[in-house]
Amino acid sequence: MRILLVALAAALAALYFTLGLRLGYLTLTETYLLHASGTNTYSFRTLEDRQFVGVTGSCRVRSGRAAVRLYNPLGKQVAGQVCEQGPRNDWSLNVLGGGQAGTYRLVVNFDQYTGSINLKEARSGGQ
């Protein structure tokens, strides 16, 4: 049993120092991150030119940085926001783009990020 606990502690330490710890699923639940690094990518599809897609939400930063970027179907960045430690640590997020039918990509880059992030899909238009 002790060997199992030591192995579990070693695995958690390896995750912490390489990718960081992530508890939750971004865009589904509030996600708590500890020393997270790397990139998460999500796709949103629009079927009409007048539709807008993206995410709204919030982030609470303890340390590090998280950059949220939205790219249009041509690969051009159309919206973005950064959550980072500064004069305030609670940020409101509103990353929306659209006007062109196709697949939009949301890219979230984490750089040694510790804190929480809560993103919800947002859509409008198309009527």
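The numbers here are math on the coordinates, done by the rules we state, and not lab data. What you are looking at is a predicted structure, and each value in this text was computed from that prediction instead of being measured. Don't worry about glycine lacking a Cβ; one is built from the backbone with ideal geometry, like all the others, and counts go over all protein chains shown.
For the listed peptides 1-8, 37-44, a ranking on the average number of other beta carbons within 10 Å per residue, highest first, reads 37-44, 1-8.
Computed from point charges on the beta carbon alone (+1 for Lys and Arg, -1 for Asp and Glu), the dipole magnitude for the chain about its Cα centre is near 100 Debye. Compared with the direct C-alpha span, the chain from A10 to S63 gains 16.7 nm at full extension, assuming 0.36 nm per residue.
Listing S92, S63 from fewest to most neighbouring C-beta atoms within 10 Å gives S92, S63.
With each run of n ≥ 4 DSSP H residues scored as -39500 (n - 2.57), what mean residue ellipticity at 222 nm is computed for the chain after dividing by its residue count and rounding to the nearest 500 deg cm²/dmol?
That calculation yields -4500 deg cm²/dmol at 222 nm.
Calculated FRET efficiency, D90 to R123, Cβ-Cβ distance, R0 = 25 Å: about 0.50 to the nearest 0.05.
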